[in-house]
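Undergrad: Once you've had a glance at the structure underneath, I'll fire off some questions.
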Amino acid sequence: MASSTLRLSSSSSCSRKINAVIHVPKLPKVIPYFSIPKIPTKKPVEELNLRDGFKRIVPVEKISTAPTHDKSPNSNAIAATTQLYAILEAVADRVEMHANIGKQRENWNTLLLNSVNMITLTAATMAGAAAIGGAGMPLLALKLSSTLLYSAATGMLLVMNKIQPSQLAEEQRNATRLFKQIQTQIQTTLALGSPSKEDVKSVMEKVLATDKAYPLPLLGAMLDKFPATFEPSVWWPSNQQLQKKNKSSQGKQRGQNINGWSEEMEVEMREIIEVVKRKDIEDYERLGNLVLKINKVLAIAGPLLTGIAAVGSAFVGNGSWAAVVAVAAGALGSAVNAFEHGGQVGMVFEMYRNCAGFFQLLQESIESTLEERDLEKRENGELFEINVALKLGRSLSNLRQLARKSASSRMDGTAIDEFTSKLF
């Protein structure tokens with residue numbers, strides 16, 4: 001009885017265990033919740049097209065016939081940006097090059113001036129010593145040395161007066177400043193973004209015009225240091241004049257304030273042009289011609305005096321006048337040379353050329369802007385007025401006051417007693 005009871009209990013416990021195993025709750029199905037990745041059906045070229053952001057898909061079979069000149073909308077801007085960066089590198093190289101050569105030619109002026117003056121004064125001293133108590137071989141040695149030194153000084157002065165080292169140094173300083181301006185303009189254009197082919201063309205023309213205005217070599221391309229008449233420097237492209245539009249558009253826009261321009265502002269700019277032409281440009285042309293004449297006289301007088309001194313030193317001992325001529329002419333030649341190259345008369349002449357060119361460029365830029373009939377195509381009027389005022393060293397109110405003063409003086413028939421520029 002007990003054994004049967006144990007069997008039943010064991011069998012029931014086994015059945016419970018089996019049931020427990022059988023009735024374990026089933027896990028939820030996970031597989032349906034995951035999607036098997038599909039194999040891409042697009043062709044490789046279509047994949048690349050979509051990845052690059054193109055909306056149009058180029059079939060594989062039409063790759064060979066697809067046009068190769070299709071470009072994104074910004075491709076022209078990218079090409080212009082690349083070209084501007086290339087020009088920027090060339091301009092930076094020119095800035096460094098003109099700065100180095102300017103320092104070199106400034107050293108030329110100092111070294112040649114000191115050398116010629118020392119040679120001249122030494123030759124004059126030898127001529128005086130020969131006249132005092134020389135006889136025989138000592139007299140011959142002093143005469144020969146003095147003549148050779150005077151001849152060397154004459155030759156060096158001829159070369160020095162021909163190239164005008166102080167003027168050469170000023171040319172390179174101006175070229176350095178102008179190329180730095182172009183460099184800044186390129187950087188501003190790149191910072192604003194989306195440059196165009198016209199920007200590249202304009203910058204190229206400015207670079208080439210500056211190269212022509214201030215050449216580096218001395219032989220063949222050097223500027224004439226003694227022209228027949230004074231002429232301003234021209235470092236901007238000659239084709240800056242805008243094409244004239246028909247006058248009907250100007251008549252429609254007269255009296256309106258469009259793009260910062262008004263009739264009063266146009267009248268103001270025309271008065272500024274009149275003052276620039278009657279006062280500034282005329283004054284710098286007068287001063288430039290005066291300095292040119294002085295420089296020509298000095299350039300001839302210096303070698304002439306040292307040449308006379310060389311001839312006089314050769315006859316020292318044959319009469320008292322020979323020694324007087326040798327010493328006096330040598331001293332005068334040294335003084336003339338010191339005044340011409342120590343005073344840097346050539347540099348002053350080049351400075352006047354540059355100032356006259358500045359005012360001529362200002363006149364042409366205002367005239368070309370006013371000749372544009374379409375006001376929308378002009379530079380913003382308020383910005384243009386600010387630029388003109390800054391170039392002349394004036395405030396806006398002072399600039400407008402000058403324009404009113406010019407208009408009243410022309411109506412009264414009197415000459416205005418004020419220059420446009422407050423800078424120079």
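The values are calculated or read from the model by the stated rules, or taken from the named source; none is laboratory data. Everything numeric in this text was worked out from a predicted model, so none of it was measured. Here the Cβ positions follow ideal geometry from the backbone for every residue, glycine too, while neighbour counts run over all protein chains shown. Each accessible area value is taken on the protein alone, full model and side chains, heavy atoms only, with ligands, DNA and RNA left out. Shrake-Rupley method; radii C 1.70, N 1.55, O 1.52, S 1.80 Å.
Undergrad: So which trypsin sites (Lys or Arg not before Pro) in the range 304-393 pass both tests, a DSSP loop state and at most 14 other Cβ atoms within 10 Å of the Cβ?
TA: On the way: sites: 353, 373, 377, 378, 391; in loops: 373, 378.
Loop-located and lightly packed - none at all.
Undergrad: While we're on this one: With a cut-off of 20 Å, note down the residues of the range 93-124 whose backbone N falls inside the zone around a label point 7 Å from the Cα of residue 294 toward its beta carbon.
TA: 109-110, 113
Undergrad: Spelling out what I want: for every residue of the range 301-313, take phi, set θ = phi - 60°, compute 6.51 cos²θ - 1.76 cosθ + 1.60 (Karplus), and round to whole Hz; glycine and proline get x.
TA: Working through the residues one at a time gives 5, x, x, 5, 5, 5, x, 4, 5, 5, 5, x, 5 Hz.
Undergrad: R0 = 25 Å: FRET efficiency of residue 103 with residue 231, Cβ-based, nearest 0.05?
TA: FRET efficiency, residue 103 to residue 231: 0.40.
Undergrad: For the range 319-400, what is the Kirkwood hydrodynamic radius in Å, using each pair of distinct C-alpha atoms? Each step should come with its number before you reach the end.
TA: Numbers: mean 1/r = 0.0578 Å⁻¹.
Evaluated over the range 319-400, this radius sits at 17.3 Å.
Undergrad: Let me ask another. Grab the other residues whose beta carbon is less than 11 angstrom from that of residue 237, score K and R as +1, D and E as -1, and report the net. The partial results should precede the final answer.
TA: Details: positive: 201, 206, 212; negative: 205, 364.
In short, +1.
Undergrad: Can you work out the PRE-style zone for residue 277? Point 7 Å along Cα to Cβ, and I want the residues of the range 369-388 with backbone N under 20 Å.
TA: 369-373, 388
Undergrad: Counting only heavy atoms of the protein chains, get the accessible area per residue of the range 148-230 (1.4 Å probe) and round it to a whole Å² value. Walk me through the numbers before you get to the answer.
TA: Values: 4090 Å² over 83 residues.
That works out to 49 Å² per residue.
Undergrad: For the pair residue 211/residue 386, report the inter-label distance in nm, with labels modelled 7 Å from Cα in the Cβ direction.
TA: That separation, rounded to one decimal, is 3.4 nm.
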